[in-house]
Amino acid sequence: MFVLQAAPEVVPFAKTGGLADVAGTLPKYLKKNGVEGAVIMPLYKKVKETTAGLKSTGVTISVPVGEHTLTGILWEATLPGTDIPAYFIQRDEFFHRDGLYVTGDKDYWDNAQRFIFYSRGVLEAAEALGLKVDVFHCHDWQSSLIAVYLKTLYAGRNHFRGSKSLLTIHNLAYQGVFWHWDMKLTGFDWSLFHWKRLEFWGKLNFLKGGIVYADALTTVSPRYAREIQTEEFGHGLHGVIRERASELTGIINGVDYAVWSPEVDPLIPSKFSAGKPAGKAKCKAALQKRCRLPASEAPLIGIISRLADQKGFDLFAKVAPELLTKDVQIVVLGTGEERYHRLFNDLATKHPKKVSVHLTFDNTLAHEIEAGSDMFLMPSRFEPCGLNQLYSLKYGTIPVVRATGGLADSIVDATPEALEAGTATGFSFTKYEPTELWTCLQRALAAWADRKKWAGLVKTAMEQDFSWERSAAEYAELYRKLSGHR
Ligand code: ADP
């Protein structure tokens with residue numbers, strides 16, 4: 001069986017979010033499950049400049065986009081440390097840019113055209129390269145139209161006989177919505193511009209097309225799979241998702257423990273494990289020093305996040321003044337919206353001995369915070385999967401989270417029953433309200449004061465297994481079901 005990951009970003013070539021981690025890691029673990037594969041993405045400027053072993057395949061493709069037929073050149077490399085092919089579609093007019101989808105905080109004006117070219121280009125490339133694809137695994141709106149092409153303009157092509165499509169929704173908040181005249185660029189018949197197909201409030205919605213036409217759908221946690229069928233989390237697409245509910249599954253993302261484990265992490269000052277936890281105190285001391293916070297026994301709360309509305313910092317803003325009357329320290333690493341930059345800068349100015357703020361993207365510091373913090377705060381409004389709470393578990397950094405999406409699926413609240421049963425791994429609250437977050441934080445601080453209880457929590461957290469093996473086996477099973485291969 002051969003599965004082509006059609007992803008607009010793939011680690012380590014280009015990344016803006018968790019989707020890149022999935023696309024770059026999953027193929028390696030699929031191989032262990034007997035599934036052959038490759039990845040295919042656009043040749044961005046950064047990929048061209050930084051990818052070792054990148055070479056031209058000598059194959060070009062012709063891709064109809066509107067009234068024109070555009071040429072693309074196919075390049076190849078391999079996923080590092082493997083022989084899994086990575087293909088890249090070059091068309092500098094579209095992809096030789098600094099950003100992947102945005103410039104500053106504005107979407108590129110021609111994103112519809114760019115990703116119509118890419119999506120249709122993936123099918124042309126598969127044929128030109130002679131890849132007999134059992135399942136096209138599409139990721140998010142950027143490759144959603146592949147599912148539509150397979151069922152329409154490419155349905156009659158011999159090369160694609162038996163090919164199926166799977167669409168993974170990594171974040172329903174991003175749908176690829178464009179003005180209706182972009183329909184002309186797709187080559188689809190106008191009959192598809194229908195509210196049961198690609199039309200969405202008078203506009204063209206790429207993700208909706210994928211949801212309607214893909215043979216199967218997944219999202220990145222079982223809870224999020226249920227949530228997106230509701231008005232609260234559906235971003236206007238809950239109706240169409242509900243219609244496809246029987247083809248939708250939730251598969252939680254795995255963690256690459258070769259990178260994110262305190263037993264092997266080269267980026268932290270002292271290694272540790274559930275059995276040998278002593279190094280964690282050294283990591284905390286080093287983090288306090290680096291962040292110019294006093295060496296203190298106070299619980300250290302870490303935050304690493306995109307500073308976006310999704311992540312719940314409006315809620316945090318309301319409880320922060322009260323939280324900072326307590327003996328706590330907070331380290332924040334993140335970039336995003338200006339108002340959250342202001343919020344955290346203000347807190348740091350008012351409480352220089354308690355709050356350290358880093359408004360930048362810094363992978364090393366992210367590892368140091370995971371290792372050196374006692375708690376990790378993630379009060380998300382919605383969270384398709386979330387990775388940081390999974391890393392936190394491994395580093396014995398107790399997550400304090402809102403029970404939504406992947407956070408609900410991965411963190412067991414420290415209720416008296418769960419503590420008694422030895423299953424508790426963190427603290428969670430349900431309603432998106434400041435008082436709920438505050439009560440939850442108070443429970444965490446009370447537990448911290450009981451060192452024996454806390455040590456038990458840390459041990460259970462560190463023993464959790466969210467490795468890729470488990471998730472890859474679920475994807476492999478789904479591909480087999482779809483393609484009829486055993
Ligand atoms: P999302 O994909 O919604 O941003 P996730 O928790 O799924 O949230 O993944 C975020 C990833 O990005 C994690 O690997 C996290 O460590 C990393 N990250 C986010 N912000 C920063 C930052 N400012 N510096 C370093 N790493 C960051």
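Here are some notes:
- Pair list, Cβ < 7 Å and 6+ apart or interchain, from the stretch 101-120 residues that are under 21 Å from LEU153 (Cβ atoms) to residues that are acidic (Asp, Glu) and open to solvent by less than 30 Å² (accessible area, probe 1.4 Å): ALA112/ASP182
- Test set (1) of a type in the set (A, V, I, L, M); (2) open to solvent by less than 40 Å² (accessible area, probe 1.4 Å); (3) not in a loop (DSSP other than H, G, I, E, B) - ALA281 fails condition number: (2)
- When residues in the stretch 4-62 are screened for being polar (S, T, N, Q) and either within 16 Å of the ligand (Cβ to nearest atom) or open to solvent by less than 10 Å² (accessible area, probe 1.4 Å) (or both), 3 of them pass.
- Subset of the stretch 453-486 [out of contact with any Ser or Thr (no Cβ under 8 Å at 6 or more places or on another chain), open to solvent by 20 Å² or more (accessible area, probe 1.4 Å) and outside any helix (DSSP H, G or I)]: ASP465, GLY484, HIS485, ARG486
- Residues of the stretch 385-419 satisfying the condition of being more than 12 Å from the ligand (Cβ to nearest atom), closer than 22 Å to ALA274 by Cβ and part of a helix (DSSP H, G or I): LEU393, LYS394, ASP409, ALA418, LEU419
- A count restricted to the stretch 215-248 and to residues that are surrounded by fewer than 16 Cβ atoms within 10 Å (Cβ to Cβ) and within 17 Å of ARG470 (Cβ to Cβ) stands at 0.
- Among the residues of the stretch 315-337, those identified as within 16 Å of the ligand (Cβ to nearest atom) and modelled with pLDDT of 95 or more are PHE316, ILE330, VAL331, VAL332, LEU333, GLY334.
- Filtered residues of the stretch 358-384 (kept if over 17 Å from the mean Cα position of the chain (by Cα) and more than 11 Å from the ligand (Cβ to nearest atom)): ALA371, GLY372, SER373, ASP374, MET375, LEU377
- Considering residues of the stretch 294-312 that are farther than 17 Å from ALA366 by Cβ and open to solvent by less than 50 Å² (accessible area, probe 1.4 Å) only, the residue nearest to the ligand (Cβ to nearest atom): GLN310
- Residues (assigned to a helix (DSSP H, G or I) and in contact with a Gly (Cβ under 6 Å, 6 or more places away or on another chain)) located in the stretch 28-80: LEU30
- Restricting attention to the stretch 341-357, the residues being within 12 Å of the ligand (Cβ to nearest atom) and in a helix (DSSP H, G or I) number 2.
- Here VAL47 qualifies as touching a residue at least 12 places away in the same chain (Cβ under 8 Å), in the same structural domain as TYR154 (by TED's automatic domain parsing) and within 22 Å of the chain's Cα centre (by Cα).
The values are calculated or read from the model by the stated rules, or taken from the named source; none is laboratory data. For clarity, every value in this text was computed on a predicted model and none was experimentally measured. As a convention, Cβ positions derive from the backbone with ideal geometry for all residues, glycine included, and neighbour counts pool all protein chains shown. All accessible areas refer to the heavy atoms of the entire protein, side chains included, with ligands and DNA or RNA removed. Shrake-Rupley method; radii C 1.70, N 1.55, O 1.52, S 1.80 Å.
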